[in-house]
Amino acid sequence: FRFVIKGSLAGAAVYVAYDQGLLGSGTQGAEALKKAQAALPPAIQEWTSYIGWEVRTVQLPPTPKFDFSPSDSWNKGVQTVMSALSVAPTRACEYTVEGWKYVK
């Protein structure tokens with residue numbers, strides 16, 4: 001029974017992530033992040049009013065501002081990996097020559 005509940009929760013989490021565009025391209029992920037940043041402050045306001053807290057007496061910290069672009073980070077990572085792979089044969093030859101010189 002636990003397995004069914006855990007599997008259902010995991011499936012629901014994957015579905016929500018897919019539905020919100022988190023599993024799509026980098027631009028879709030950036031759009032989802034912007035939606036989340038816009039929705040977070042009203043959600044906190046609604047939650048505090050539901051609990052009964054007054055926002056005037058309880059000062060909540062401001063939501064953090066993210067200056068992060070998933071698509072830029074993805075592209076930077078791909079470029080770094082491809083650059084490393086393109087110079088790998090040359091570097092391997094250089095290190096082999098240096099190793100032979102050291103052994104001699």
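The values are calculated or read from the model by the stated rules, or taken from the named source; none is laboratory data. All of these numbers come straight from a predicted model, not from anything done at the bench. Methodologically, a virtual Cβ is constructed for each residue, glycine included, from the backbone with ideal geometry; neighbour enumeration extends over all protein chains shown. We work out accessible area using only protein heavy atoms, side chains counted, and drop any ligands, DNA or RNA first. Shrake-Rupley method; radii C 1.70, N 1.55, O 1.52, S 1.80 Å.
Looking only at the range 1-54, residues that are within 27 Å of N75 (Cβ to Cβ) and outside any helix (DSSP H, G or I) come to 6 in all.
Every condition in (1) modelled with pLDDT of 70 or more; (2) loosely packed, with under 10 Cβ neighbours inside 10 Å holds for P61 except the one numbered (1). Among the residues of the range 17-39, those identified as open to solvent by less than 80 Å² (accessible area, probe 1.4 Å) and of a type in the set (A, V, I, L, M) are A17, A30, A32, L33, A36, A38, A39.
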